[in-house]
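Read-outs throughout are calculated quantities, based only on the coordinates presented, and are distinct from any laboratory measurement. Just so it is clear, the structure is predicted and the values come from calculations on it, not from any experiment. Here Cβ is always computed from backbone atoms with ideal geometry, including for glycine, and neighbour counts include all displayed protein chains.
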Amino acid sequence: MEDNFLPSFVKRKGRITKYQIDNLKDIGKYRFNINDSLNKNFNKKVLEIGFGDGEHLIKIAEQDTDTLFIGSEVYQSGIGSVIGAVKSKSLKNVRIFDQDIRNLLINITKPYFDDVVIICPDPWQKARHHKRRLINNDFLELLANTLKQDGELFISTDWDNYAESINETLEQNARFSLNKNSKYNNEFLTKFQKRAITENRKISNFFFKKTI
């Protein structure tokens, strides 16, 4: 499917290992299909958008095997790593969506996800590129349409000016309200977040829930 949105990511070829390439051959077994009858076997469905190397996705999937975790990512190396981890750990509760996540969200016609997690989306640091940032009001509307009532939205970023933008956008959206805390807060830091701290960047976390 051709993406019909201004890209919020750059499709780089990047480094990819033989291990990851071999795992990608099995993508068909793990690709998410909303109509798959197996989805009914799980009490909850959680979406993680932009899982990177899958460190967080695999961790939470191991901790809660009764929940189906749908991981969205476009980079082949990360997808290959996640498939490898899913196979080695015999996880039955992880599925992958390997396109722009908006291509999935626009086709979900009723609330489906219990929670949505977004850790360190591409900050697009340069001002002229801010329009490419994923978190904006249009995107929040897509999320709200697919998130169940009182479902949690957890967002983390390591860029101050993106944090300001995210906070402003969430506060102005009537369909979300501030949550006091989050089950996804302070679970553990990913390698990416640890690097941000090493580079003296603050991690900002946002806890909201769908109210309308």
Rounded to the nearest 0.05, what FRET efficiency is calculated for Lys87 and Ala174 with R0 set to 30 Å and r the Cβ-Cβ distance? 0.10
For the chain, what's the relative contact order in percent, using C-alpha pairs closer than 8 Å and at least 6 residues apart? 19
For the chain: rounded, prolate or oblate by the Cα gyration tensor [a/c cutoff 1.5]: rounded
Footprinting proxy, Thr67, Thr17, Thr146: sorted fewest to most Cβ within 10 Å, the residues are Thr17, Thr67, Thr146
If the only charges are +1 at each Lys and Arg Cβ and -1 at each Asp and Glu Cβ, what is the size of the charge dipole of the range 60-110 around the Cα centre, to the nearest 20 debye? 140
Value at 222 nm in deg cm²/dmol, rounded to 500, when DSSP H runs of n ≥ 4 in the chain each add -39,500 (n - 2.57): -9000 deg cm²/dmol
So which of Lys29/Lys209; Lys148/Lys202; Lys45/Lys202; Lys131/Lys210; Lys59/Lys131; Lys29/Lys180 end up more than 27 Å apart by C-alpha? Lys29/Lys209; Lys148/Lys202; Lys45/Lys202; Lys59/Lys131; Lys29/Lys180
Per-residue HN-Hα couplings for the range 164-172, Karplus 6.51 cos²θ - 1.76 cosθ + 1.60 at θ = phi - 60°, whole Hz, x for Gly and Pro? 4, 5, 4, 4, 4, 5, 5, 5, 8
Under a point-charge model restricted to the Cβ atoms of Lys and Arg (+1) and Asp and Glu (-1), what is the dipole moment magnitude of the range 42-210 relative to its Cα centre, in debye to the nearest 20? 120
Per-residue Cβ neighbour rank within 10 angstrom, fewest leading, Arg201, Arg15, Arg175: Arg15, Arg201, Arg175
Given springs between every Cα pair under 10 Å in a Gaussian network model of the chain, which of Asp22, Asp158, Asp53 has the largest fluctuation? Asp22
What does the net charge come to around Ile212 if you take all other residues with beta carbon closer than 13 Å to its beta carbon, with K and R at +1 and D and E at -1? +2
With a ≥ b ≥ c from the Cα gyration tensor eigenvalues, square-rooted, and the rule rounded for a/c under 1.5, otherwise prolate when a/b > b/c and oblate otherwise, the range 90-212 is rounded
I need the GluC sites (Glu not before Pro) found in the range 24-97, filtered to DSSP loop residues with at most 16 other beta carbons within 10 Å of theirs. none
Relative contact order %, the range 104-212, counting alpha carbon pairs below 8 Å whose residues are six or more apart: 34
So, R0 is 41 Å and r is the distance between the beta-carbons of Phe188 and Glu141; what FRET efficiency does that work out to, to 0.05? 0.85
